[in-house]
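Enquirer: Here it is, the structure, as structure tokens.
The values are calculated or read from the model by the stated rules, or taken from the named source; none is laboratory data. Being a predicted model, the structure only gives us computed values, none of them experimental. Please note: Cβ atoms are built from the backbone with ideal geometry, for glycine as well, and neighbour counts cover all protein chains shown. Side chains included, ligands, DNA and RNA excluded: accessible areas come from the protein's heavy atoms. Shrake-Rupley method; radii C 1.70, N 1.55, O 1.52, S 1.80 Å.
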Amino acid sequence: MNKILSLLAVLMLTTAAAEAQYLNITTSSGTKTYSAADLTYVSPVTFSSGTSMTVGTDTYTISDITSASVTTTDSGSSSDVESNTVNIVYNGSSATVTAADNVAGYVTATVSGAHVTIDQSNTDAVDGSEITYVLSGSTTDGSLTLSGSYKCTVSLAGVTLTNPSGAAINITNSKRIQLSAKKETTNTLTDGSGSQKACIYSKGQLQLQGNGTLNVAGNLKHAIKSASYIEIKNLTLNITSAAGDGINCEEYLLMKSGTVTISGVSDDGIQCDLGGTTSTGETTDHEDEDTGNIYLEGGTLNVTVTATAAKAVKSEGDMKISGGSMTCKTTGGGTWDTEDLKTKAAACLSADGAMTISGGTLNLTSTGAGGKGISVDGALTISDGTITINTSGNAVVASSSGSISTVNNSQTLDRYSTNYKSLPKGIKADGAISISGGTMNITTSGAGGEGIESKSTLTMTGGYVYASTADDGINSSSTMTISGGYIMVSSSGNDGLDANGNMNISGGNIFVVCAGGAEVGLDAAEQYKLNITGGNIVAIGGFEKGASVSNGTAKQASSYSKGAWYALYNGSNLAFAFKVPSNSSMGSTLVVYTTGTPSLKTGVTGSGSSFWNGNGYTACSGGSTVSLSNYSSSSGGGGGGGGWGR
């Protein structure tokens, strides 16, 4: 101690003549460097009671000083640190903190082993910029805890940080925090036991960005959690495990770009909740927004979840998808919800509010019982994008006691009321469904597996829909209206198109195949009616009995061949070429309708643009004419019941 005091005294006596000298003071919080030129009579080094000293604006307890030195260069000192920057270097069981001179007065660091606690005191920008904390090095027993009242950046510059007893990064600052991975760096964060909410936790808004890679493992709860919004841009983010959700946030989540891969989680992949009790509604640039909405605008998102009734992406508010590429897979089965008193199952995309899809490429797969590709509590609007959905699980049902089992026979599902079953649908919306564009390829193979179901109305004015299903291809609980677009439905166990209200078709190109027996290609519930006033239609299984057909002509073929290519003509104009599926059970009647005089060819070769998952073409050549006779809907199928519920 006497040596330190003597050294300080020497510096104080020589500062006037030794402008190139530097004082370096080291405590458990790191090393701080002062230029002798800055230690003037206005800002001197002073002592108090022999136990503390003040250097500039900083006060030290002398017993806390582990070393002090006077050098003629500031190599390794805070003067070497870029302005507005604090370097935190982890090295096994220790860590060093070095702050740039211009921010040192606003940063109080406490270091215990490799656990670093930072208290940032500025309430505004420092020299026009925010403070950046640069993390590097490696430790198996360290962390960063950051508090403050002004926004800042945490820059990951090749850090491997494991905290066996808490969060790897715990940010209690409630302001906007940028968490950035530097270009060409790989960063790995892992937490352990404790009371933390996530491996990475931020009380404030969290912007995940950078051109580097961030790997996160959350062993206690979530991998990443923000008590406010989360935005993602450019970053390559790999969530390798989580005891809870992969990403959990409130207010809203926005993904603009980057690559996010989530697997090994025990709950949802991404979940966004409403922060308060009332939604603000979507705001301009999301300023002060609290909606529980998820916005997917670009980038690549890959999510795999395995838990019972887990969701790959879940919003408490709306979900809006306008771009990017998404691959989601769920494998978990269903469960009985004791609060809502209903069965619930997994879903790739799930929104408690509405969902809008206006772009992007979506590949959604659900293999668990009752699993769905898209599940929406509100309305669903699709105007663009490419959507591929495959569900292969059977239905899941619950007994009166809540015990869960699976059902592989659709007829058995009639025994269960709506709340006691969950069915493996491609797309299901409790609200209205509106389709005006985009391409959808949907396959369901489990009991009760419908392609698209609306618990309200369904309207299609454009787009391409292909659905190969075990149950109804497309079902609505109210009116179904089709005025445009291309629809191909092949149902192996029920109706092609099924409306529990009026079905009104005034346009579009439609090819439907129903199962044999009493099923119908185009079916409206008994007390409602099928009204056809336009479009080009091929219906294997015929029309609903008593259908109203006008503004055109309906005819039927005496037979058809499975697996063969056909072409429908409206007069001399080709409507579309199509391939008949090879289902084991199919309707016996092939009916065609066009606004002019319909004709049919078999054995054609498709050309031009393909659609319907390769089962349709806009052009064709060759073929021979099929003999057609007049068709009367009085000989059509009986009225359908429509669907198997949830």
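Enquirer: Normalising by the residue count of region 318-442, find the relative contact order in percent from Cα pairs under 8 Å and 6+ residues apart. Intermediate values should be presented prior to the final figure.
Expert: Numbers: 360 pairs, mean separation 35.2, N = 125.
Averaging sequence separation for qualifying contacts and normalising by length gives 28 percent for region 318-442.
Enquirer: Return the Cα extents of region 174-316 along principal axes one, two and three, sorted largest first, each rounded to a whole Å.
Expert: 36, 35, 27
Enquirer: A further question on this structure: At q = 0.14, 0.17, 0.21 Å⁻¹, what log₁₀ I(q)/I(0) does a Debye calculation on the Cα points of region 370-420 give, no solvent, two decimals?
Expert: So the normalised log intensities are -0.53, -0.71, -0.90.
Enquirer: Could you pull out every Cys in the chain that lacks a partner Cys with its beta carbon under 4.7 Å away?
Expert: Those would be Cys152, Cys199, Cys249, Cys272, Cys514, Cys620, since no other cysteine Cβ in the chain comes under 4.7 Å of theirs.
Enquirer: What percentage of all Cα-Cα pairs in the chain are separated by more than 44 Å?
Expert: Result: 39 percent of Cα pairs exceed 44 Å.
Enquirer: Calculate the dipole size of the chain relative to its Cα centre from +1 charges on Lys and Arg beta carbons and -1 charges on Asp and Glu beta carbons; express the result in debye to the nearest 20.
Expert: 2060
Enquirer: Could you pull out every one of the lysines with an alpha carbon less than 25 Å from that of Lys555, ignoring same-chain neighbours closer than 8 positions?
Expert: Qualifying lysines at Cα under 25 Å: Lys529, Lys545, Lys579, Lys601.
Enquirer: Starting at the first residue of region 115-129, write each ³J(HN,Hα) from the Karplus equation 6.51 cos²θ - 1.76 cosθ + 1.60 with θ = phi - 60°, in whole Hz, x for Gly and Pro.
Expert: Karplus-based 3J(HN,Hα) across region 115-129 equals 9, 10, 10, 10, 10, 9, 9, 5, 10, 8, 4, 9, 6, x, 9 Hz.
Enquirer: Still on this structure, please answer the following. How would region 166-231 be classified by its alpha-carbon gyration tensor: rounded, prolate or oblate, with rounded meaning a/c under 1.5 and the a/b versus b/c comparison settling the rest? Could the numbers behind the result be given before it?
Expert: On the way: a/c = 2.35, a/b = 1.16, b/c = 2.03.
It comes out oblate by the Cα gyration axes.
Enquirer: Normalising by the residue count of the chain, find the relative contact order in percent from Cα pairs under 8 Å and 6+ residues apart.
Expert: Worked out over the chain, it gives 5 percent.
Enquirer: How far apart, in nm, are two points set 7 Å out from the Cα along the Cα-to-Cβ line at Ser607 and at Asp80?
Expert: 7.3
Enquirer: Another question, then. Whose amide H sits under 5 Å from the amide H of Ala242, counting only residues 5 or more places off or on another chain, with H placed in the peptide plane?
Expert: The answer is Gly218, Val265, Ser266.
Enquirer: With charges set only on the Cβ (+1 for Lys and Arg, -1 for Asp and Glu), what does the dipole of region 75-220 come to about its Cα centre, in debye to the nearest 20?
Expert: With Lys and Arg at +1 and Asp and Glu at -1, about 460 debye.
Enquirer: Considering the dipole of region 337-458 built from charges on the beta carbon (Lys and Arg +1, Asp and Glu -1) around the Cα centre, which of Gly373, Thr443, Thr343 is farthest to its positive end?
Expert: Of Gly373, Thr443, Thr343, it is Thr443.
Enquirer: Hey, can you rank 146-153, 512-519 by average C-beta count inside 10 Å, highest first?
Expert: Per-residue mean Cβ counts within 10 Å order the peptides as 512-519, 146-153.
Enquirer: First check a/c for region 238-299, with a ≥ b ≥ c the square roots of the eigenvalues of its C-alpha gyration tensor; if it is under 1.5, answer rounded, and if not, answer prolate when a/b is larger than b/c or oblate otherwise.
Expert: Because a/c hits 1.5 or more and a/b fails to exceed b/c, region 238-299 counts as oblate.
Enquirer: What list of whole percents do you get for P(r) of region 99-210, with Cα-Cα distances grouped in 5 Å bins up to the one holding the largest distance?
Expert: Pair shares across the bins are 3, 12, 23, 25, 22, 12, 3, 0.
Enquirer: Next question. Could you check what % of the DSSP bridge pairs in the chain are antiparallel, to the nearest 5?
Expert: Given both bridge residues lie in the chain, the antiparallel proportion sits at roughly 30 percent.
Enquirer: Whenever you get a sec, compute what percent of the accessible area on the chain sits on carbon and sulfur atoms (1.4 Å probe).
Expert: Of the solvent-accessible surface of the chain, carbon and sulfur hold 43 percent.
Enquirer: Given H placed on each backbone N at 1.01 Å, which residues far from Val134 in sequence or on other chains put an amide H within less than 5 Å of it?
Expert: Under 5 Å from the amide H of Val134 lie the amide H atoms of Val86, Asn87, Ile88, Ser155, each far enough along the sequence or on another chain.
Enquirer: So which lysines pass the test for Lys342, namely a Cα distance under 19 Å, with those fewer than 8 places away in the same chain ruled out?
Expert: Lys311, Lys314, Lys372, Lys421, Lys425, Lys428, Lys455
Enquirer: A further question follows. What is the distance in Å between the Cα centres of region 265-304 and region 487-553?
Expert: Measuring centre to centre over Cα atoms gives 39 Å.
Enquirer: Show that you can apply the helix-only estimate: for the chain, add -39,500 (n - 2.57) for every DSSP H stretch of four or more residues, divide by all residues, and state [θ] at 222 nm to the nearest 500.
Expert: Here the helix-only value at 222 nm equals -500 deg cm²/dmol.
Enquirer: Quick one: if you stick a label point 7 Å off each Cα along the C-beta vector at Thr386 and Thr412, how many nm between them?
Expert: About 3.8 nm separates the two model spin labels.
Enquirer: How do 320-331, 179-190, 481-492, 463-474 rank on mean C-beta neighbours within 10 Å, highest first?
Expert: Most protected by this proxy first, the peptides run 463-474, 481-492, 320-331, 179-190.
Enquirer: Order the peptides 609-622, 301-314, 446-459 from the highest to the lowest mean number of other Cβ atoms within 10 Å of their residues.
Expert: 446-459, 301-314, 609-622
Enquirer: Have a look at region 524-644 and give its Rg and Dmax from the Cα atoms, expressed in angstrom.
Expert: When restricted to the Cα atoms of region 524-644, Rg and Dmax are 14.5, 44 Å.
Enquirer: How would you classify region 281-415 from its alpha-carbon gyration tensor, with a ≥ b ≥ c the square roots of the eigenvalues: rounded for a/c under 1.5, else prolate if a/b is greater than b/c, otherwise oblate?
Expert: Prolate.
Enquirer: Whole number in Å², please: accessible area per residue of region 451-604, 1.4 Å probe, ligands, DNA and RNA not counted.
Expert: Heavy-atom SASA per residue in region 451-604 reads 29 Å².
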